[in-house]
Amino acid sequence: MKECLICSTSLKLIKFKCADGHVCKKCYEKVSSNFTQTIKTKTKEELMTILESSQEESVDSSFELSRKINQLIFFDDKNQQICLPNHRKYTKENLKPEIYPFAAILNCQVVEDQIERLVKKKKQQLGCIKVVLTFENDTREIWLIPNFINRDSMAYKTMCSLAANIVTEVKQSKELAVC
Ligand SMILES: [Zn+2]
């Protein structure tokens, strides 16, 4: 008997064809955005990607964007929560977007690492920047400058003030939660 490519349940009469085989009705509903798209030419890999992003969307639906700082952090003042999109670029790892209530925020601070290095026989001050968020059960890092760069550069200064903005807004949100 045939199995669903996605969830491996055995398929009976109702099944939907894709490029690599068949999927069950439940999975089809998820990967076809409620039966509005065909999957005939899609591979298993493509379907899995669609499935993942549809799950991310369902997380987002309980989140109403009020403010954001670049693509780094999102604030929902109505439901009193923040969302960290967890782009690979900023976290150094691949994580799903995560939502935390304002009330769970314990601390937020800018952390700078600084080193001195000889570049072309000149001493240079290098640094990297991250914002560390401490929650009741978790710690998250948002990397603004993940690799050491010149601290006198424009990019470094920009990211420095961006990091300070994040801390200010997170702390304000935290105070909102207490009221
Ligand atoms: Zn299935």
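The values are calculated or read from the model by the stated rules, or taken from the named source; none is laboratory data. For clarity, every value in this text was computed on a predicted model and none was experimentally measured. Methodologically, a virtual Cβ is constructed for each residue, glycine included, from the backbone with ideal geometry; neighbour enumeration extends over all protein chains shown. Ligands, DNA and RNA are stripped out before the accessible areas are found, and what is left, the full protein with its side chains, is counted by its heavy atoms. Shrake-Rupley method; radii C 1.70, N 1.55, O 1.52, S 1.80 Å.
Take the residues in the range 7-53 that are under 24 Å from the mean Cα position of the chain (by Cα) and part of a loop (DSSP other than H, G, I, E, B); name whichever of them is surrounded by the fewest Cβ atoms within 10 Å (Cβ to Cβ). The extreme case among them is 33. For first residues located in the range 1-23 and in contact (Cβ under 8 Å) with a residue 40 or more places away in the chain, partners that are within 11 Å of the ligand (Cβ to nearest atom) and in a loop (DSSP other than H, G, I, E, B) and lie 6+ apart or on another chain with Cβ distances below 8 Å form the pairs 6/24. In the range 133-146, what residues are open to solvent by less than 20 Å² (accessible area, probe 1.4 Å) and under 18 Å from residue 173 (Cα atoms)? Correct list: 133, 135, 142.
If the condition is being more than 9 Å from the ligand (Cβ to nearest atom) and modelled with pLDDT of 90 or more, then the range 1-14 contributes only 10. Per this entry, residue 68 is counted among residues that are open to solvent by 70 Å² or more (accessible area, probe 1.4 Å) and modelled with pLDDT of 90 or more. Checked against (1) near the ligand (Cβ under 9 Å from one of its atoms); (2) farther than 30 Å from residue 79 by Cβ, residue 26 passes all but condition (2).
Any residue at all in the range 44-58 that is of a type outside the set (S, T, N, Q), over 23 Å from residue 97 (Cα atoms) and away from the ligand (no atom under 13 Å from the Cβ)? Checked against the condition, which is being of a type outside the set (S, T, N, Q), over 23 Å from residue 97 (Cα atoms) and away from the ligand (no atom under 13 Å from the Cβ), the range 44-58 yields no hits at all.
Would you call residue 32 under 25 Å from residue 99 (Cβ atoms) and either charged (D, E, K, R) or more than 9 Å from the ligand (Cβ to nearest atom) (or both)? No: the conditions fail for residue 32.
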